[in-house]
Amino acid sequence: SLVVVTFGTFDVFHVGHLHLLERARALGDSLTVGVSTDALNIAKKGRAPVFSQDERLRLVAALRCVDEVFLEESLELKREYLIRHRADILAMGDDWKGRFDEFRDICEVVYFERTPAISTTAVIEKIRL
Ligand code: C2G
């Protein structure tokens, strides 16, 4: 059976995240999601997510389209995660287009169009106003 793997922070979970996960799941028979740790986000974006890694992991794990979750601790471990979780397909939003092509030797790599006009930043701004 075909295993699909994707990665993300999924902070302040919204319908853009859901749409990405549903399309990823539809590519295969199961979906495994690597959820970025708080430390990885602080290193990458300079701020902690709104929701903690435990909360984000639980929310993503509870979705009908998600079969398995794990914590993504480092961007440099992507190849190891793909091997460990037996990925047949790596699916990502097209904000990462081309960035994971180096893994085409071990799995298929698919980029989906991002859902327009929704983002964690936009949600935070809307609440702030
Ligand atoms: N996404 C989307 N449409 C949006 C917002 C997000 O399709 N409007 C997708 C992104 O393209 C990504 C996934 O939802 O595939 C998760 O988005 P983020 O939580 O922003 O993920 P990011 O912080 O980019 O983490 O190792 C890679 C990183 O962990 C990815």
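Some observations on this one:
- Placed amide H near residue 7: partners under 5 Å, 5+ positions off or other chain: 34
- From phi via Karplus (6.51, -1.76, 1.60), per-residue ³J(HN,Hα) for the stretch 19-31 in Hz, x at Gly/Pro: 4, 5, 5, 5, 5, 5, 4, 5, 6, x, 9, 8, 10
- Shown here are the Rg and Dmax of the Cα trace of the chain, at 14.1, 47 Å.
- For the stretch 98-105, the Karplus equation 6.51 cos²θ - 1.76 cosθ + 1.60, evaluated at θ = phi - 60°, returns couplings of x, 6, 10, 4, 5, 8, 5, 6 Hz by residue, with Gly and Pro reported as x.
- Carbon + sulfur, % of accessible area of the chain - ligands and nucleic acids excluded, 1.4 Å: 53 percent
- Accessible area in square angstrom per residue, the chain, 1.4 angstrom probe: 58 Å²
- Helical contribution to [θ] at 222 nm, DSSP H n ≥ 4, -39,500 (n - 2.57), averaged over the chain, rounded to 500: -10000 deg cm²/dmol
- Cα-centred dipole magnitude for the stretch 1-124, charges only on beta-carbon of K, R (+1) and D, E (-1), debye, nearest 20: 220 debye
- Couplings 3J(HN,Hα) for the stretch 63-72, derived from phi with the Karplus relation 6.51 cos²θ - 1.76 cosθ + 1.60 (θ = phi - 60°), are 6, 5, 7, 10, 9, 8, 10, 8, 8, 8 Hz, where x marks Gly and Pro.
- Peptide packing for 29-39, 63-73, 116-126 was compared via the average number of neighbouring C-beta atoms within 10 Å per residue; ordered from the highest value, the list is 29-39, 63-73, 116-126.
- Amide H contacts of residue 111: 92, each under 5 Å away and 5 or more positions distant or on a separate chain (H built 1.01 Å from N in the peptide plane; Pro and chain starts excluded).
The values are calculated or read from the model by the stated rules, or taken from the named source; none is laboratory data. None of these values were measured; they are calculated from a predicted model. For neighbour counting, all protein chains shown are included, and Cβ atoms are generated from backbone atoms with ideal geometry for every residue, glycine included. Areas reflect the complete protein model, heavy atoms only, side chains present, ligands, DNA and RNA absent. Shrake-Rupley method; radii C 1.70, N 1.55, O 1.52, S 1.80 Å.
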